[in-house]
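The values are calculated or read from the model by the stated rules, or taken from the named source; none is laboratory data. Just so it is clear, the structure is predicted and the values come from calculations on it, not from any experiment. Positions of Cβ are generated from backbone atoms using ideal geometry, with glycine treated the same way; all protein chains shown enter the neighbour counts. Heads up: the accessible areas ignore ligands, DNA and RNA and are worked out on the full protein's heavy atoms, side chains in. Shrake-Rupley method; radii C 1.70, N 1.55, O 1.52, S 1.80 Å.
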Amino acid sequence: MWYAYAKTLGEKTAQKVAEEKNLDLVVVHPSFVIGPLLAPYVTSSLKYVLDLIKGAKGAYPNGYCGFVHVEDLVAAHILAMEESKASGRYICSSSVAHWSDVLAGLRTKYPMYPFETKPNNNEGDRNQHSMDATKILQLGLPSFKSIPEMFDDCIKSFEDKGMLSSAS
């Protein structure tokens with residue numbers, strides 16, 4: 001959980017600086033960001049997904065995860081910046097699902113790819129949970145994209161960039 005720990009320390013530092021400088025700090029917390037590859041290189045999250053699609057990880061995560069489309073996250077950041085009544089912390093997450101369910105749906109839709117088929121043995125978040133994004137929705141964010149839409153956009157971008165082919 002080093003990533004989460006580093007994010008928490010970063011936010012606490014930002015809060016301290018904002019208080020010292022009398023600034024209004026608004027924080028948007030995304031879950032696992034999925035969608036088309038926008039950078040000229042594969043980012044760490046999308047590399048992880050690409051490896052799961054190609055069956056190159058050895059196993060998939062044995063737990064639940066929140067997901068958000070990158071375009072929804074961008075819209076949430078813009079909203080938080082431009083909306084004068086924005087304040088505090090906002091959770092930005094569409095849905096929570098178990099990786100096994102996500103991959104099962106993708107295997108059905110994209111049978112040409114050798115997705116991971118077995119879970120890893122690592123302790124993960126095996127408890128069903130939710131991520132309450134009510135606050136960002138009430139601020140004015142339109143509804144979130146679904147998990148299938150997120151992964152469809154992701155896979156299409158991998159295909160368009162030549163990172164996936166039916167021979168993967």
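Which of the trypsin sites (Lys or Arg not before Pro) across region 39-143 are loop residues per DSSP, with 14 or fewer other Cβ within 10 Å?
Hits after loop and neighbour filter: LYS85, ARG126.
Dipole size in debye (nearest 20) for the chain around its Cα centre, Lys and Arg Cβ +1, Asp and Glu Cβ -1?
Its charge dipole is roughly 360 debye.
Using a 1.4 Å probe on the protein heavy atoms, what percent of the accessible area of region 1-146 belongs to carbon and sulfur?
Ligands and nucleic acids excluded, carbon and sulfur reach 54 percent.
Contour minus end-to-end for GLU83 and ASP160, with contour as 0.36 nm per residue of separation and end-to-end as the Cα-Cα distance?
Between GLU83 and ASP160, full extension yields 24.2 nm more.
Out of the GluC sites (Glu not before Pro) in region 63-168, which ones are loop residues according to DSSP with at most 10 other C-beta atoms within 10 Å?
Passing both the DSSP loop test and the Cβ count: GLU123.
Quick one: Debye curve from the C-alpha atoms of the chain, no solvent, what's log10 I(q)/I(0) at q = 0.09, 0.10, 0.12, 0.13 Å⁻¹?
One equal scatterer on each Cα of the chain leads to -0.35, -0.43, -0.61, -0.71.
Per residue, what accessible area does the chain have, given a 1.4 Å probe and all protein chains present, in Å²?
Value returned for the chain: 59 Å² of accessible area per residue.
What accessible surface, in Å², does a 1.4 Å probe find on ASP101, ignoring ligands, DNA and RNA and rounding to the nearest 10?
Rounded to the nearest 10, the figure is 100 Å².
If the reach is capped at under 28 angstrom between alpha carbons, list the lysines near LYS12, excluding any in the same chain fewer than eight residues apart.
Within reach: LYS21, LYS85, LYS135.
So if the hydrodynamic radius of region 17-64 is defined as the Kirkwood radius over C-alpha pairs, what does Stokes-Einstein give as its diffusion coefficient at 25 °C and 0.890 mPa s, in µm² per second?
Approximately 176 µm²/s, per Stokes-Einstein.
May I ask you to derive the FRET efficiency for LYS7 and VAL74 from their Cβ-Cβ distance with R0 = 22 Å, giving the value to the nearest 0.05?
0.75
Could you calculate, for region 16-96, the ratio of the Cα radius of gyration to the Kirkwood radius, expressed as Rg to Rh?
The Rg/Rh ratio comes out at 1.09.
Of the chymotrypsin sites (Phe, Trp or Tyr not before Pro) in region 22-129, which ones lie in a loop per DSSP and count no more than 14 other C-beta atoms within 10 Å?
Hits after loop and neighbour filter: TYR41.
Once you have the alpha carbon radius of gyration of region 63-162, what is it after dividing by 2.2 N^0.38 Å, with N set to its residue count?
So the Cα radius of gyration is 1.26 times the expected 2.2 N^0.38 Å.
Helix-only estimate, please: 222 nm mean residue ellipticity of the chain, summing -39500 (n - 2.57) across DSSP H runs of length 4 or more and dividing by its residues, to the nearest 500.
After summing the helix terms and dividing by residue count, I get -14000 deg cm²/dmol.
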